[in-house]
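Have a look at the structure below before the remarks.
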Amino acid sequence: MPAKTYTSAQARTKALFDEEHQFIAPGLQTIALLSELAIDHGTGATLTDLDGNTYLDLNAGVSVASLGHAHPRYIAALTKQLEAVTVGSFTSQPRAELVRLIADLAPGELSRTQFFSGGAEAVEAAIRLARSYTKRTDIVGFTGGFHGKTAGVLPLSDVDWKHLIGPLPTGHHLAPYADPTRYEGSQTECREDAIKELRRLIEQDIAGRPAAIVIEPIQGTAGNIVPPPGFLREVHDVAHEYGALLIADEMITGFGRTGRIFGCSGDDVVPDVMTLGKGMASGFPVSALVSTDEIMAAKPFSLPSASSSSYGGNPLAAAAALVTIQTILSDKLVENSASVGVVLRDGLQALATRHRSIANVRGQGLLIGFDLVADQKSKTLLPKEKCIEFFKGCLADGLIMMSYTPRVRVHPPLILSAEQANSALAIIDRALERME
Ligand SMILES: Cc1ncc(COP(=O)(O)O)c(C=O)c1O
C-alpha cells in the first residue's frame, strides 16, 4: 500500500490506526472503529491519544474502568502481585481476601464465588450451575438482553446476526423486557404486561419448568434501559413460583455502577446467582459467579475441576479485583456514582427541554441512557448516520461516548467528578446544537 501522509492534529494517531488495521481482524467494537483513536495513555477519567489530544472518557471501556485509568493504588497492587506470583489456582492471599469481601457485600446468603475471565464465560457457568441444581434444561432471558457472544449465551443475547451462524443451542427463550421507552402506557401497565407475557411463555413454551431466568437489572447493551420499579422483584417471584433460579447478570450493574453496590438492590431483590465482571476489576479480565452454599454444591458443577478455568481467579486477577473493590468502598465511589449521576441526568434532562433531538433520559447512578430522536413528540429514533454525526461532533470536541446509535449509553469511570460531568454536558450541548 502506498504510504499515506497525515496533516491533521491526529497524524500519529491515524497513522498507527491505519497500520494496525492492515492486520487486525474486522469486528472490533464500533466505538473503536468509528473514533479511529490510538491511545497513548489514560489518567483518571481521561484518555490521551498519540498526538497529545485528551478526551473525557464517558465510556470507560464499556463500563469497565470503574477506577478510571492508571489509578495509583491499582498500579501499586498489580505491580506488587506481578513481582510475587501471577498464575495458578492455589489459594493466594488476594483471592482469599477477595472471596470473603464479595461474600460480605453480596445480598442474602450469596457467599460462594467462582472466578472466570470474561462475562460470557461467567453467564454460561451460571447456566450450567442452574441446570446442575434444578436438573432442568430451559433458560428464559429477555428481549434486548445481552450476555455475551459464546455459543452457550448467544441465544439469550438479542443480536440480529446470531441466526446467520446457527444452529444455536436449543432450550433458550426470550420474554419481553419491561422497557418503558418502548411502551405506550404507564410504568405499572408496562410491568404488568411483561410479567403476564413471562408467565405465558413459561407455561406454554416450557411446560412450567424453567431451570433459570437470566436478567440484567438494567439492560446495558439495549441502551441502559431501566425497567419500571418492581419489575425485577416480580421476575424473582415468578422464577421461584415455577421452581427456577433467578440469575442476575450484574456484569455492568455491579459494584457501584447504579449508585448502589448491586443493581438488584434497587428492587431489594436477592437473586439466587449473580454474575459479575467488567468494573469489578477495573479492566483486568476477570469475571465471577456468586451463589449460596446449597446451590454451589450442586453436581456436576461442583465436582473437582468441573467449574474451574485456566485463568479464573489467578493471583493477578484476584489482586486486581480486590484493590478495585476496596478502592470503590474506601473512596466512596458508590456514593460518587449516585451523586455525580444526578448531575449528569439532571443536566441531560435540562438539555432535553432545549433540544428537540434528545429524549427519554434515564438511568441510575453513573449508568445513564438517552435517545436521539427526530422530535420530542413522535420520539422517532434518529437514523444511524445522524447519530454518527453526533458521535463525531462530541469526539472532535473532546468527548468519548457511545452515541453512534440513537440509544445513547453513558457509563463513565465511577471517579468522574461533578466538574467533569458539567464539561461533558457542555460538549453534548454544543454537539446537539451543531447537529440540529
Ligand atoms: C450484561 C452483560 N453480560 C455479559 C456480557 C459479556 O461479557 P464479555 O464481553 O466479557 O464476554 C456483557 C458484555 O457487554 C454484558 O453487558
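Derivation of every value follows stated rules applied to the coordinates shown; laboratory data play no part. Predicted model only: the values in this text are computed from it and were never measured. FYI the Cβ positions are ideal-geometry reconstructions off the backbone, even for glycines, and counts take in every protein chain you see.
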Q) In deg cm²/dmol and to the nearest 500, what is the mean residue ellipticity at 222 nm of the chain if only DSSP H runs of at least 4 residues count, each as -39500 (n - 2.57), divided by the residue total? A) -12000 deg cm²/dmol
**Q.** Separation in nanometres of the label points that stand 7 Å from Cα toward Cβ, at Thr353 and Gln93
**A.** 5.4 nm
Q: With r as the distance between the Cβ atoms of Glu419 and Asp331 and R0 = 22 Å, compute the FRET efficiency 1/(1 + (r/R0)^6) and round to 0.05.
A: 0.85
Q. Can you work out the FRET efficiency for the pair Asp51 and Lys384, with r the C-beta to C-beta distance and R0 = 41 Å, to the nearest 0.05?
A. 0.90
Q: Report the label-to-label distance for Arg200 and Asp237 in nanometres (one decimal), using points 7 Å from each Cα along the Cα→Cβ vector.
A: 2.0 nm
**Q.** Exposure proxy ranking, count of Cβ atoms within 10 Å, fewest first, for Ser417, Ser63
**A.** Ser417, Ser63
Q. If one computes P(r) from the Cα atoms of segment 72-330, what percent of pairs lie at distances over 34 Å?
A. 16 percent
Q: Just check the chain against the gyration tensor rule for me: Cα atoms, a ≥ b ≥ c as the square roots of the eigenvalues, rounded for a/c under 1.5, and otherwise prolate or oblate depending on whether a/b exceeds b/c.
A: oblate
Q) With respect to the cross-link table entries Lys278/Lys332; Lys162/Lys384; Lys196/Lys384; Lys162/Lys379; Lys14/Lys386, which display a Cα-Cα separation exceeding 26 Å? A) Lys196/Lys384; Lys162/Lys379
Q) Counting other Cβ atoms within 10 Å, which GluC sites (Glu not before Pro) in segment 101-189 have at most 12 and lie in a DSSP loop? A) Glu184
(Q) Sequence gap at least 6, Cα distance under 8 Å: using those rules, report the relative contact order of the chain to the nearest whole percent. (A) 21 percent
Q. Each label point is 7 Å from the Cα along the Cα-to-Cβ direction; what then is the distance between the points at Ser308 and Ile165, in nm?
A. 3.0 nm
(Q) Roughly how far apart, in whole Å, are the Cα centres of segment 51-128 and segment 408-436? (A) 27 Å
Q | Loop GluC sites (Glu not before Pro), segment 17-51 (other Cβ atoms within 10 Å of the site Cβ: 16 or fewer; DSSP) | A | Glu36
Q | Relative contact order [Cα under 8 Å, 6+ residues apart], segment 72-330, whole percent | A | 30 percent
Q. Taking 0.36 nm per intervening residue step and subtracting the Cα-Cα distance, what contour gain separates Glu294 from Ala151 on full extension?
A. 48.7 nm
Q: Rounded to the nearest 0.05, what FRET efficiency do Glu189 and Leu105 give with R0 = 30 Å and r taken as the Cβ-Cβ distance? Could you check?
A: 0.30
